[in-house]
Amino acid sequence: MGCAVDFDRAKGPEVTRLRSVCLLGVAATVALAGCGQSESSPAASGTSTTSTASTSDVGSGAKDRPLSIEGTTYPLTVTDAFGEKVTLNERPKRVAMLTGTSMSIWYDLGGAAAASVAVTDNIKLPEQTRAQINALPKLGQSFQPDLEALAAAQPDLVIADSGLSQEARSTIQRLDAGVLIARIHTYEQLEAAYRVYGTILGGPATATADQRIAAFTQGRKQLKDKVPGTPRSVAIVYVTAKNVALKLDQSIAGDMVSTLGIRNIASGRTPDAAGSETTPMDLEFLAKEQPDVILVTSMIGSNAAARETMDKQLKGNPAWSAINAVRDNKIVFLPQQYFLYNPGSDYVQALGYIAHAVYPDTFPTVADPSAGAGSGASGGATMPATMPPGSMPSARP
Amino acid sequence: MARQVTAEHRTPFRRRPIYRAIVVTVFVVLLVGGLLAGIRSGTYPLSPAQIVSTLLDRDGSVAARVLWDIRLPRVLLAALVGANLAVSGAILQGVMRNPLADPGIIGISAGAGFFGIVILVLYPQHQPFVPLAAFVGSMAAAGLIYVLAWRDGIQPMRVILAGVAVSALFGAGISAMLVFYSDRVQGALVFLAGSMSARSWPEVATILPYTMLGLLVAPALSRPLELLLLGDDVARAVGLRVEAARLGLTAVAALLAASAVSVVGLLGFVGLIVPHTVRLLTRCGQRYLILVSALAGAALVVISDTFARTVASPVDIPVGIVMAAVGAPFFLVLLRR
C-alpha cells in the first residue's frame, strides 16, 4: 500500500490558484453559515428573534417594563415595554392589534379592534364577538405582520408584542399612529395592562378593569394562603425531551410558580439571550436538583396530542429516568390556553392549575381549559384528585 | 556520488511506519483520555471512586442512573458521531478529489437536516421517524448533487459547486420552516446547531450499526478511493468502474452523515477538520486515513462535548457551537497554508 497522491500534486499551478479562490469563496460562505447557526441557536425562543437596540438602555430589562400611564382622562401618556412614551389626545377609534394577548384583554374590557393578526383558538375572546373578530381585516402573523395591510387599515393606535422585530417596529413607528409594545407574561405586567387599557378605553371599561384586578388579587391571596408551609420544587421544561430548556421566573408559568412560593430550580439563572425566558440546562442538573414535579409546556397543536407525545418521549428516554419525578410520573402538562399565551382574564384559573399540579392533595380539583371553547371558569371537566399513572383525561374536541 | 543517491532515496520521516504508529498512538491516547475525562466530568457530583464502583456494580441509586443513563451514553454517542462524520468527510474528500468536501458543505447534512426539521416542526408527535427522514433527505441531496454535477461524468469542481447550491437550497427550506412556524422553532433550533442534550442509549443504538458498517467497510473502500484520486482515466485504465465506485462511496458517506445528523442534528466542521488534520500530519494511504480519521473525529467530538457541557455548567451549550468556534480559525489556518 503506497502513499496516495495528494491534491496539490494532482493538478497544475493554474488549477491550484483557482482552487485557492474557490476555497476563499466557500470558506466565507461556510463561516457565515456557521456564524448564522451559532447565533440563531439556542438564542431564539418563541418571542425574541433578532436583538433589539432600544433607544434607552440595553440589557435584559430593556423590553419587559409593565405598561404605565399618566393621567386618568385624556390627554393620556402611556409608557410601553421599551420605555417609549405615546401621547393619546383622544380615545383611539381604529386600533390595530398585532398580538392575541392584548386583544383578549381589550375585548374583555369591552373594546373592539379595527384590524388584527390571525389569532389562535387558544386565545380567549368573548363568544359573541367571535364572528366580528373573524371578519376583521387580517394583518398577517404576530411576529411578521403585513405592514402594507397595517398601513391600509389606517389605525390610530397599534398594539404589538415585544417579540416584534426591530425592523418591523421602526416601520410601524413611521405610520401616523401611536405604537404600544407590550410584554404580558408576569402578573405585574398583566395587571398593568388591564389598568392601562381600561383607562384608554374609558367609561365602563375602567370599572371592569378594576373589577378584574380585584378578582385577581383576591384569587391570588386565596391560593397563596392555602399553599402548605413546606415548599416543593419544580422544573418547567419547554418543548421537547431532546432539548432541556427550562423556563425562568420571567415566563408566564415561572411567574405563577414563584407567586405560590414554589421553588423553580432554574430560578435566577441567566437566560440564553437578552429578553429570553429560557435557558438550556444539563440533564445532570435536574438529576442533582431532583424537582418534585416537572411541568411541561409544548408547541404541539392540541393539548391531548401534546400530552401523549411528551409522555412517550419522556418515558421512552432512559436519560430522563434518572429524574425521580419522571419515574414517579409526577409530570404535569401545562395547557396552552393558560401557559403558552398569558391567560388574561383566566389568570386565577391558571394559577389554580399550577397549585393543583404541585399540591394535588391541598388543591383537589381544577378546571380543564381545553373543555369547551375558551371557557376556563365555567363548566369544563374537573381533574381527579390524584393523577392516575400514565393517563390524563383527554380533552373534548 | 553514491552517498548522494542514497540520501535522496531515504524515505522521508513522515512516510515511515514508525511515524504512522506514533500518530495512531497519539490519537488513541486522545480518544481514551477524552472518554475518561468525559465520564469523570459533569454537573452531577461523582467522585472517581463512586464512578468506578458504579461501573462495576450498578445499583439503583440516582448516581448510578446519572452515570449509566445520562453520562456514559452521551460520551459514547459523541465518539460514534465524531467517527461517522470524520469518515464521511474523508470519503467525500477522496471521491470529489477536493479538500473542501464534507457532508455539511456539499449539502448532504442540509438535506438530512431539512427532512428532520420537517418532522420536528410539522409532525413533532412522530419524532422517532427523524432518523429515517434524515436518511431519505441525505440520499435525496446526494442524488441532486450528482444530477446537477453530471456532464459526461463527474468533475470534482462541479460537484463542489453543485453541493454549495444544494446546501443553500435545503438551507432555505429550513429557514422557511422556521419562519412560517416561528412559534414552534425552539426544539428545531437546537437541532440545527447540533446538540447532545438528553441523548441516551436509544441514540447510541441508532448510530452504532452505521459506525460499525463504516469501519468494517473502510479497508475495502480504500482501494477505489486511491484509484479515483489518480484521475478517472487512470482509474478506468486499471479496471475500476468509476461511476459505480463513486456512487457506492458517496452512498456510504451519506449513510454515515445521515445517521449522525439524525441523532445529534447538524453538527458541522468535523468532516472537514479531521481528515485535513490527519492528512496534514501524514501523507499516506486512504485506508489509514479513514481509520485514523475515525479515531481523531471521535476524540474531537468527545472532548468538545465534554467542554461544552462543563464550561458553563449547569448550562448546556450545544456542541455545534463549540465546533463552529474551533472550525472557523481552522479555516483561516488552511487559507494561510
- Using a 1.4 Å probe over the heavy atoms of the protein chains, calculate the carbon and sulfur portion of the accessible area of the range B:1-150 as a whole percent. 70
- Given charges of +1 on the Cβ of Lys and Arg and -1 on the Cβ of Asp and Glu, with all other atoms neutral, how large is the dipole of the range B:145-266 about its Cα centre, in debye to the nearest 20? 40
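Using the heavy atoms of the protein chains alone and a 1.4 angstrom probe, what is the accessible area of the range A:198-237 per residue in square angstrom? Walk me through the numbers on the way to the answer.
On the way: 2020 Å² over 40 residues.
Dividing the accessible area of the range A:198-237 by its residue count gives 51 Å².
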- Note the buried accessible area between A and B here, summed over both chains, with a 1.4 Å probe, in Å² to the nearest 100. 5500
- Item | log10 of Debye I(q)/I(0), alpha-carbon scatterers only, for the range B:153-254 at 0.17, 0.24, 0.25 Å⁻¹ | -0.99, -1.20, -1.23
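Within chain B, which complete DSSP H helices have Cα atoms spanning at least 15 Å along the helix axis and a mean Kyte-Doolittle hydropathy of 1.0 or higher?
B:17-40, B:72-95, B:108-122, B:130-149, B:156-180, B:201-229, B:242-264, B:270-281, B:286-310, B:319-336
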- Report in % the part of the accessible area of the range B:220-337 that belongs to carbon and sulfur, leaving out ligands and nucleic acids; probe 1.4 Å. 67
- Query: aspartates and glutamates within cross-link reach of A:Lys226: Cα-Cα under 14 Å, excluding same-chain residues under 8 positions apart?
  - Reply: A:Asp361
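Is the range A:221-353 best put as rounded, prolate or oblate by its Cα gyration tensor, with a ≥ b ≥ c the root eigenvalues, rounded for a/c under 1.5, and otherwise prolate when a/b is larger than b/c, oblate when not?
Details: a/c = 1.35, a/b = 1.23, b/c = 1.09.
Taking the square roots of the gyration eigenvalues as a ≥ b ≥ c, the range A:221-353 is rounded.
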- Rounded if a/c is under 1.5, else prolate if a/b is larger than b/c, else oblate: which is the range B:68-140, with a ≥ b ≥ c the root eigenvalues of its Cα gyration tensor? oblate
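The values are calculated or read from the model by the stated rules, or taken from the named source; none is laboratory data. The structure displayed is predicted, hence computed values, not measured ones. Every residue, glycine among them, receives a Cβ derived from its backbone with ideal geometry; neighbour counts consider all protein chains shown. For the accessible areas, the whole protein counts, side chains as well, though only heavy atoms, and no ligand, DNA or RNA atoms are used. Shrake-Rupley method; radii C 1.70, N 1.55, O 1.52, S 1.80 Å.
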